Each structure stands twice: as C-alpha cells, then as structure tokens.
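Student: Below is a structure I'd like to ask you about.
The values are calculated or read from the model by the stated rules, or taken from the named source; none is laboratory data. Bear in mind the structure is a predicted one, so any value in this text is a computation, not a measurement. For neighbour counting, all protein chains shown are included, and Cβ atoms are generated from backbone atoms with ideal geometry for every residue, glycine included. Ligands, DNA and RNA are excluded from the accessible area calculation, which covers all protein heavy atoms including side chains. Shrake-Rupley method; radii C 1.70, N 1.55, O 1.52, S 1.80 Å.
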Amino acid sequence: MFFLVLWIGNAAQAQYVRAWGNNWFGQATVPRDVGKVRDVAAGGLHTFVIKGEVAVQCWGSNEYGQFNFQASIGSVTAIAAGYFTAIFFSGSI
C-alpha cells in the first residue's frame, strides 16, 4: 500500500512541506531546495508543490509521465494529484 501525508507548516508566515509514509519512489523525501511553497499535492507515487507565482517542483516516480507538463503552462494557481496523474490550473479561481 502506498501512503503519503503532506503538511504545510506555519501558514501565517513561511510555509514548509513535511512528508511521511511509504517512500518507495521518493515521494516522501522532500528535496532540500524546495523552500517556501504556496500549495502542495500528493499522488500515490509522486508529489508536487507550487513555489512563488509560477514555479512547480515535483519528485517521486514519473513512470506514467506525471512530470511531463509544458513549461508554457503559465501562472499555476492550483494543483491536484491523483494516483498516477497531476492537474494544474492556470488562471483565476
């Protein structure tokens, strides 16, 4: 069973990601350079964060092309992850 829990700490100031659970594909190993994030989404095998206005960082498994998004996606407003998928929303919510 794949299990991952993510938490964004200290929402009033800087927001940092902490992860724990199954880490077979590195999805719970938060990179040292992830820094401050605005949003986070975890799939079964992968994790995504939005940093700043447009930067998306991902880690874990890319076996099903989860990381293969276009650089021209623009300003990413929201992100969601399914077991093998990722969805980015660009625009106003």
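Student: Pairs only if they're at least six apart or on different chains, beta carbon under 8 angstrom, first in segment 65-93 and within 12 Å of Ile50 (Cβ to Cβ) and open to solvent by 50 Å² or more (accessible area, probe 1.4 Å), second modelled with pLDDT of 80 or more and of a type in the set (Ser, Thr, Tyr); list them, first residue then second.
Tutor: The qualifying pairs are Phe89/Thr77; Ser90/Thr77.
Student: What is the number of the single condition among (1) crowded, with 20+ Cβ neighbours inside 10 Å; (2) touching a Ser or Thr at 6+ places or on another chain (Cβ under 6 Å) that Thr47 does not meet?
Tutor: All conditions are met except number (2).
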